[in-house]
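The values are calculated or read from the model by the stated rules, or taken from the named source; none is laboratory data. Please read all numbers here as calculations on a predicted model, not as lab measurements. Virtual Cβ from ideal backbone geometry, glycine too; neighbours counted across all protein chains shown. When the accessible area is computed, the model is the full protein with side chains, heavy atoms only, and any ligands, DNA or RNA have been set aside. Shrake-Rupley method; radii C 1.70, N 1.55, O 1.52, S 1.80 Å.
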Amino acid sequence: MAWSEHRAIEVQDLIVIRPQGMYCPAGDFYIDPWRPVPRAVITHAHADHARAGHGHVLATAVSEGVLRHRLGAGLSLQGLAYGEVVLHHGVRLSLHPAGHVLGSAQVRLEHAGRVWVASGDYLLSAHDERNPTCEPFEPVPCHCFVSESTFGLPIYRWPAQAEVLAEINAWWRANAAAGRPSLLLAYSFGKAQRLLAGVDASIGPILVHGAVAPINDAYRAAGVALPATLTLGDLPDRRALAERLKGALVLAPPAVHASAWARQLGDFSDGFASGWMQLRGARRRQGVDRGFVLSDHADWPGLQRAIAATGAERIIVTHGQEAVVVRWLQEQGLQAGSFQTEYGSDEAH
């Protein structure tokens with residue numbers, strides 16, 4: 001059944017929670033469901049939001065490459081441009097930039113004079129800056145805003161992106177001068193590409209883990225400029241690999257830390273790029289030399305800015321620090337509640 005049929009259903013809320021995930025009763029479809037459903041809208045391709053097994057999927061056209069890589073080439077996918085409207089069972093549905101990763105979207109639903117927006121994951125902070133590898137967050141006016149709250153505590157306030165990238169470049173440059181590689185741990189989809197787009201590629205060669213390479217290809221195919229990268233497998237000769245690793249930046253997912261793969265790098269310095277590095281002691285618990293505070297999610301000021309920009313009088317908070325954010329919203333005189341979801345289980349933020 002295509003995403004175009006009309007059926008009038010009157011319901012009080014445009015989004016409710018069912019065992020399968022967030023559900024739109026008026027449109028009879030789900031948003032980022034965690035169990036297989038006949039019809040799903042997927043906000044972005046991170047594993048906690050994009051699960052396999054759905055009958056038909058609606059997502060941004062620019063996210064198709066990453067979604068097919070992660071969910072399979074046989075995925076039944078209808079791609080939309082940002083702002084393009086689909087009318088389904090009387091619900092006007094459109095996708096709007098979230099600034100999180102390539103193709104990430106907020107879902108706008110309009111029915112019977114009411115507008116709801118489900119944010120998915122989004123990036124906004126106190127600084128007027130953006131993730132250079134995707135479209136920036138776009139405030140969407142609505143009556144009810146369903147917002148993530150991954151970093152919904154006042155302690156989370158991101159430093160300026162340029163400052164963090166300068167720290168990473170200085171660390172890499174110092175390691176290169178000492179002739180050792182810099183292993184930078186970062187999530188393979190989104191964070192790794194943001195780092196690649198932002199670091200100074202003139203410092204030395206850049207190698208990536210095999211989990212990062214195909215995502216890089218999907219970004220490049222979507223028109224995102226990234227510096228040239230190699231994998232360890234591209235240099236099977238051990239002598240050539242050892243020579244290339246001197247002064248190299250190596251991007252890999254956090255799961256490889258202290259693994260046999262990492263031991264191939266020899267004597268290296270390691271760092272971790274994540275919003276969790278804001279917390280005192282997080283770097284020590286990760287067991288790395290350096291921690292860099294860089295997140296693709298909204299910080300505390302960003303959450304406040306995003307919510308205020310929607311003009312919504314009702315806010316529903318999902319995964320993260322729901323109780324803290326709900327209490328703060330209620331103190332501002334807003335109607336606030338929460339949804340219990342299965343989001344937030346991705347590898348790192």
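Quick look at the numbers
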{"quantity": "The stretch 10-57: radius of gyration and largest Cα-Cα distance (Dmax), Å", "calculated": "10.3, 33"}
{"quantity": "Test item: Cα-centred dipole of the chain, Lys/Arg +1 and Asp/Glu -1 on Cβ, debye", "calculated": "720"}
{"quantity": "Cα→Cβ-extended label distance, 7 Å offset, between residue 261 and residue 334, nm", "calculated": "3.9"}
{"quantity": "The chain - accessible surface per residue (Å², probe 1.4 Å)", "calculated": "40"}
{"quantity": "Three semi-axes of the equivalent ellipsoid, the chain, Cα gyration tensor, whole Å, largest first", "calculated": "38, 23, 16"}
{"quantity": "Virtual paramagnetic centre 7 Å along Cα→Cβ of residue 324, amide N under 19 Å, in the stretch 137-179", "calculated": "147-160"}
{"quantity": "FRET efficiency estimate (nearest 0.05) - Cβ-Cβ, residue 239 to residue 155, R0 41 angstrom", "calculated": "0.30"}
{"quantity": "R0 of 22 Å, Cβ-Cβ distance residue 162-residue 309: FRET efficiency to nearest 0.05", "calculated": "0.40"}
{"quantity": "The chain, helix-only ellipticity at 222 nm - DSSP H runs n ≥ 4, -39,500 (n - 2.57), divided by all residues, nearest 500", "calculated": "-6500 deg cm²/dmol"}
{"quantity": "Among beta bridges that DSSP assigns inside the chain, antiparallel share in %, nearest 5", "calculated": "35"}
{"quantity": "Carbon + sulfur, % of accessible area of the chain - ligands and nucleic acids excluded, 1.4 Å", "calculated": "50"}
{"quantity": "Cut-off under 5 Å, modelled amide H: who pairs with residue 41 long-range", "calculated": "30, 31, 32, 58"}
{"quantity": "Charge dipole of the stretch 232-349 about the Cα centre (unit charges at C-beta), most positive-ward option of 282, 309, 297", "calculated": "282"}
{"quantity": "Point-to-point label distance, residue 143-residue 76, nm (Cα→Cβ direction, 7 Å offset)", "calculated": "3.2"}
{"quantity": "Residues listed by number, the stretch 179-208, amide nitrogen under 12 Å from residue 228 label point at 7 Å toward C-beta", "calculated": "205-206"}
{"quantity": "The stretch 131-193 pair-distance distribution - Cα-Cα, 5 Å bins, rounded %", "calculated": "3, 11, 12, 20, 20, 14, 8, 5, 3, 2, 1, 0"}
